[in-house]
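What follows is a short report on a single structure.
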Amino acid sequence: MIALVAGEVAVRRPDHVVIETASGVGYRLSVSAETLKQVPAVGHAVSLHAHLVVREDALTLYGFATEEERDLFLLLVGVQSVGPKMALAVLSGGSPRELVGALAAGDVARLTAVPGIGKRTAERIVVELREKVGVPEDLAPAITVRRGGDDPRALARDGLVELGYSVPEADALLAEVTGDTPEELLQHALRAAARR
C-alpha cells in the first residue's frame, strides 16, 4: 500500500498532480481543490498522504495534504453510492474541519451543492457519517445556524464562494439563474458553470 508520496512537483493541474520521486518515477495523484491549495508550484518539494484505489481496469492514486482529509475520504467512499471522484468533489468544498462541522450539524444543503450529489445521497452521507466523525470541542463554536429569514441569493453566493468561486464569479453565475431556495440557486448556478 502506498501511504505517502514525496518528491518534486512535476505537473500541477486542477484535478491532479504528478510528483517525481528521488528514484525518478513520477506518480500521478488525483487531488481535491483543498489539497491543491497546499501543493507548491512545479519544481518545488512536496509530500502528500496517499491512498491507492484498485479497480479491475485501473490503479488510481489519490493524494491528500493532511491525514485528516485522507481519513474523511475513506469514510466518504465507504458510503453507498459515493465513489472516489464524488468523495474528492465533497472534499473540494472546504477544509476537513468545515466538512466535519457540516456533517455534525446535519447540513444536507452543503452536500447537495456539490455537483453530482442529490438530496438522497447527501442525507445518506450525513446519516452514516455524523456519529463517525464526532464533533471536536473546538469545532462546536464554528458551526453556524442559518435562519430561514436569510436571503437565499446571499446563502447561494456563500456556497459558491466556499466551493472556490470568487465573489464576482459567484454573482455572475447567480445573475443567470432563478430559484426560490439557496439549494436551487446553487444547483442552477453550478449547472450554468458546467456549461461554460
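At least 2 residues being touching a residue at least 24 places away in the same chain (Cβ under 8 Å) and surrounded by fewer than 21 Cβ atoms within 10 Å (Cβ to Cβ) is the threshold, and among the strands (runs of 3 or more DSSP E) wholly inside segment 6-115 those reaching it are 26-30, 45-54, 59-64.
For (1) under 13 Å from the mean Cα position of the chain (by Cα); (2) more than 18 Å from residue 133 (Cβ to Cβ), each residue gets a yes or a no:
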residue	(1), (2)
21	no, yes
25	no, yes
51	no, no
72	yes, no
90	yes, no
107	no, no
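Checking the stated criteria, residue 171 turns out to be in a helix (DSSP H, G or I), under 25 Å from residue 95 (Cβ atoms) and touching a Lys or Arg at 6+ places or on another chain (Cβ under 7 Å). Residues that are closer than 16 Å to residue 117 by Cα and in contact with a Pro (Cβ under 9 Å, 6 or more places away or on another chain) within segment 164-187 comprise 182, 183, 184, 185, 187, listed in sequence order. I'd like to know if segment 160-168 contains one or more residues that are farther than 20 Å from residue 14 by Cβ and either at pLDDT 85 or above or of a type outside the set (A, V, I, L, M) (or both). No, segment 160-168 has no match at all.
The values are calculated or read from the model by the stated rules, or taken from the named source; none is laboratory data. Bear in mind the structure is a predicted one, so any value in this text is a computation, not a measurement. Positions of Cβ are backbone-derived with ideal geometry, glycine not excepted, and every protein chain shown enters the neighbour counts.
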